[in-house]
Amino acid sequence: MSESANILDTSIEYLKGVGPVKGELLRKELNIHTFRDLLLDFPFRYIDRTRILPIREIQKDSLVQVKGKLIDLSVIKAGKRARLEGLLRGASGKIKLVWFQRIKWIERALNLGQEYIVYGRANRYGSGFSIVHPEMEPSAGQSVALALQPVYHSTDKLNTKGLDAKGRRQLISNLLEKLSSIKIKDNLPNYLLERLQLPTRNEALYNIHFPKSEQALKAAQNRLKFEEFFFLQLQLLYKKTSRKQLIKGYDFPTVGQLFHTFYKEVLPFTLTGAQQRVIREIRNDLKSGVQMNRLLQGDVGSGKTIVALMSMLIALDNGFQACLMAPTEILAQQHFSNLSSNLQSLPIRIELLTGSVKGKRRKAILEGLQQGKIDILIGTHALLEPTVVFSNLGLAITDEQHRFGVAQRAKLWAKSKPYPPHILVMTATPIPRTLSMTLYGDLDVSIIDELPPGRKPVKTIRKSDTHRPEVMEFLRHQIHQGRQAYIVYPLIEESEKLDLKNLYDGYEQILQYFPLPKYQVSVVHGRMKPEAKESEMKRFKEGITQVMVATTVIEVGVDVPNASIMVIENAERFGLSQLHQLRGRVGRGAEQSFCILMSSYKLSREGRIRLDTMCRTNNGFEIAEVDLKLRGPGQLEGTRQSGVLSFKIANIVQDTQILQSARKIVTQILGKDPGLAHPANSVLKKYIEGQKRKSNWSLIS
Ligand code: ADP
Ligand code: MG
């Protein structure tokens, strides 16, 4: 082990100024255990001591840094609640400071008459300004005299134990001094530093804490962000590369009778260019001798099912079985009935296996499967059970809303011997490219970015509640033209009771606009028994009912081409991607479809952006971009449990260019040196080896 590695692994309490008590606090409060952890806990902000705003130049609702003397500090009681108010006098005026929480502690920590640098958001207060809960920093006696001072995350407990802003800075300063005799080793190869003109890791780590200049800080941030993206991409792409080298797959050399017959005689339409391209990509994978791991992204209605079907036919043509797994029973059933009717003229046996298939029926399916009499099996998670044994599974397709877990994937992989089946993962949740690079970075990706021809984009409009009669009149008109309509109510997870109340109140109201027996209305919600739900949906599908009142359960599954209107109640309460998924239920037929977003007149800024975005575009990828910007990566559908998005300094929304360049460079490096065997890449090899030891390194993704 190198010297630097040794020092960085030292337990944090041995740092000058820490000791056992503070050491325990740092561990508990900030998860800082070693010198390395402290070194890698970067400042979240810098105080630019050269940029003090004169108090008289403060603008409303802006972040400001001002300097002045604390000339008053008093607790003000207002009823039960108390607040602390301070007055800061600078060269050009005064500003009020206000605290509502931790008053006692703050009062004790501040010194009347002292000069402070104060940071926070300034708001109008009478004729002047005030800052609520400002960050306060004595302007004299700084431990390090630098223009840019780091500010670290802190907590109350740390603050009271002397690890406030100043204390934290002192610690880092002690650490850097301790480290000054050694050079922190670089983890990027030299040739990259030279080519990209990046500062060394050593230099970057010094400058991220105590920047020599604005420029040095930028360079340090840049380098450290690059590094984070780079190593994640290296891990993902290395995995992908080694999987391709190590994991053989069944070779499907022929495109045979079934595929051709279907293509020439059954396929009821011409494939779109995107569908053709994707089928070609899949065909190439299937005859490569390497196991396919491909993600197929395509908006709702883009025609993924036919791609799945034709891929399965290739497997069948080569003497293999195929399966298709869907997240819900409804979806599985729908796939089953669609595929069965599409394939009825071909000599193919296709079966459906879900949790509700039991007894003799189940036994027969399991036997047929094992004996190779069943060619295609459609189903839910039930397919993963150990009792489900294939004779020779060649291709497994999952149609998923969210990514199935690795454990589930592993079960799928194990369903075939000697090789794992080829895997195709289909998703209708469009993900911005930058995000799919990180989330699905180890898969090959195909995208259907074209809708079938003749599809009229759904017209989306926003209406406030006062327009309800007009909206209902419009619905009635459409229904008289033979169309059907969905009316969707939001689901508030905290209160299922309230949801149902909303739904049933809505239902009552709908019945007044659409009275029996002239009109028929279906109701579907998550609390219903599956059979009841099923029969209500069936009635709607068969056109017996004209209106379907539902909670978001219809988001997945329902496919009724004649339904051309969707009214979404309280649309501001839905997330963007959910609105988009819901809207995907209409616009499936030849008629012009409509989506009406009902909302209250007053909206939050984000609510307005969401609804405006829906009205502006039907493009799922564009919508996903906006969603990503609004909510940040952590909140996006399907990414919540994924740890890959927790970066220390990089930001997947703001630093997309750095991400793209990291991805490109990793691709180049692995293209030239897939095993990272070249001496110049030895640091990278070491990193990968370390990851393998540390994590549950699995080639299954
Ligand atoms: P999704 O990608 O949402 O799964 P589907 O596969 O269900 O979309 O396709 C939506 C509808 O479009 C289906 O009714 C399907 O038959 C039809 N469709 C698919 N591809 C084409 C095409 N190339 N031309 C015309 N209609 C198509
Ligand atoms: Mg689909």
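Contact map, segment 410-432: first residue in the same structural domain as residue 389 (by TED's automatic domain parsing), second residue part of a loop (DSSP other than H, G, I, E, B) and within 16 Å of ligand 1 (Cβ to nearest atom), Cβ cut-off under 7 Å, separation 6 or more or different chains; pairs are 428/299; 428/300; 429/401; 429/637; 430/299. Criterion applied to 208, 172, 184 was being of a type in the set (Val, Ile, Thr) and either assigned by TED's automatic domain parsing to the domain that holds residue 441 or out of contact with any strand residue (DSSP E or B) (no Cβ under 9 Å at 6 or more places or on another chain) (or both), and the one residue passing it is 184. Among the residues of segment 517-535, just one is under 16 Å from residue 482 (Cα atoms) and out of contact with any strand residue (DSSP E or B) (no Cβ under 8 Å at 6 or more places or on another chain), namely 518. Test residue 313 against the stated conditions and say whether it is more than 30 Å from the chain's Cα centre (by Cα), within 16 Å of ligand 1 (Cβ to nearest atom) and in contact (Cβ under 8 Å) with a residue 60 or more places away in the chain. No: the conditions fail for residue 313.
Name the one entry in 249, 256 that is in contact with a His (Cβ under 9 Å, 6 or more places away or on another chain), away from ligand 2 (no atom under 16 Å from the Cβ), more than 30 Å from residue 657 (Cα to Cα) and not β-branched (Val, Ile, Thr). Every option except 249 fails the conditions. Restricting attention to segment 175-185, the residues being at pLDDT 90 or above and either more than 39 Å from the chain's Cα centre (by Cα) or crowded, with 18+ Cβ neighbours inside 10 Å (or both) number 4. When each of 271, 258, 295 is tested for being more than 27 Å from residue 437 (Cα to Cα), of a type outside the set (Ser, Thr, Tyr), in contact with a helix residue (DSSP H, G or I) (Cβ under 9 Å, 6 or more places away or on another chain) and more than 9 Å from ligand 1 (Cβ to nearest atom), the lone residue that passes is 258.
Quick grid of which residues meet (1) on the phi > 0 side of the Ramachandran plot; (2) free of Cβ contacts under 8 Å to residues at least 40 places away in the same chain; (3) of a type in the set (Phe, Trp, Tyr):
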position	(1), (2), (3)
117	no, no, no
126	yes, yes, no
132	no, yes, no
136	no, yes, no
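Only strands (runs of 3 or more DSSP E) whose full extent lies in segment 345-436 are considered here, and the ones with at least 1 residues that are within 24 Å of residue 582 (Cα to Cα) and among the charged types (D, E, K, R) are 393-400. Selection within segment 322-353: residues that are under 21 Å from residue 409 (Cβ atoms), modelled with pLDDT under 95 and among the small types (Gly, Ala, Ser). The member of this set that is nearest to ligand 2 (Cβ to nearest atom) is 326. Suppose we filter segment 317-335 for residues that are within 14 Å of ligand 1 (Cβ to nearest atom), more than 17 Å from residue 307 (Cβ to Cβ) and surrounded by 19 or more Cβ atoms within 10 Å (Cβ to Cβ); how many remain? So the answer is 3.
If you check residue 343 against the conditions, is it within 26 Å of residue 267 (Cβ to Cβ), aliphatic (A, V, I, L, M), assigned by TED's automatic domain parsing to the domain that holds residue 282 and without any contact (Cβ under 8 Å) to a residue 40 or more places away in the chain? No.
Residues of segment 446-460 that are farther than 13 Å from residue 275 by Cβ and within 12 Å of ligand 1 (Cβ to nearest atom): 454, 455. Within segment 108-133, the set of residues being more than 13 Å from residue 70 (Cα to Cα), in contact with a Phe, Trp or Tyr (Cβ under 9 Å, 6 or more places away or on another chain) and of a type outside the set (Val, Ile, Thr) comprises 122, 123, 133. Just a yes or no: is a residue in segment 272-287 touching a strand residue (DSSP E or B) at 6+ places or on another chain (Cβ under 8 Å), buried (at least 20 other Cβ atoms within 10 Å of the Cβ) and either at pLDDT below 95 or not assigned by TED's automatic domain parsing to the domain that holds residue 418 (or both)? Within segment 272-287, not a single residue is touching a strand residue (DSSP E or B) at 6+ places or on another chain (Cβ under 8 Å), buried (at least 20 other Cβ atoms within 10 Å of the Cβ) and either at pLDDT below 95 or not assigned by TED's automatic domain parsing to the domain that holds residue 418 (or both). Annotation: residue 140 fulfils all but one of (1) at pLDDT below 90; (2) assigned to a strand (DSSP E or B); (3) of a type in the set (A, V, I, L, M); the unmet one is (2).
Applying the selection to segment 420-435, what residues are away from ligand 1 (no atom under 16 Å from the Cβ), under 17 Å from residue 311 (Cβ atoms) and not hydrophobic (A, V, I, L, M, F, W, C)? Scanning segment 420-435 gives 420, 421, 422. Total residues in segment 293-321 satisfying the condition of being assigned to a helix (DSSP H, G or I), of a type in the set (Lys, Arg) and more than 10 Å from ligand 2 (Cβ to nearest atom): the figure is 0. Kindly check whether there is at least one residue in segment 512-520 that is modelled with pLDDT under 85 and surrounded by fewer than 14 Cβ atoms within 10 Å (Cβ to Cβ). Among the residues of segment 512-520, not one is modelled with pLDDT under 85 and surrounded by fewer than 14 Cβ atoms within 10 Å (Cβ to Cβ), which makes the answer no. In contact with a helix residue (DSSP H, G or I) (Cβ under 8 Å, 6 or more places away or on another chain), among the basic types (Lys, Arg) and either over 26 Å from residue 442 (Cβ atoms) or surrounded by 19 or more Cβ atoms within 10 Å (Cβ to Cβ) (or both), is that true of residue 225? So residue 225 fits the description; yes. Selection of first residues in segment 36-56 that are in a helix (DSSP H, G or I) and of second residues that are loosely packed, with under 15 Cβ neighbours inside 10 Å, restricted to Cβ pairs under 8 Å at least 6 apart or on distinct chains, gives the following pairs, ordered by first then second residue: 36/9; 37/31; 55/91; 55/92; 56/92. The condition of being farther than 17 Å from residue 310 by Cβ and touching a residue at least 40 places away in the same chain (Cβ under 8 Å) holds for only one of 372, 355, 368, that being 372. Checked against (1) in contact with a strand residue (DSSP E or B) (Cβ under 6 Å, 6 or more places away or on another chain); (2) buried (at least 17 other Cβ atoms within 10 Å of the Cβ), residue 100 passes all but a single condition, namely (2).
The values are calculated or read from the model by the stated rules, or taken from the named source; none is laboratory data. These figures come from a predicted structure and were not determined experimentally. Here Cβ is always computed from backbone atoms with ideal geometry, including for glycine, and neighbour counts include all displayed protein chains.
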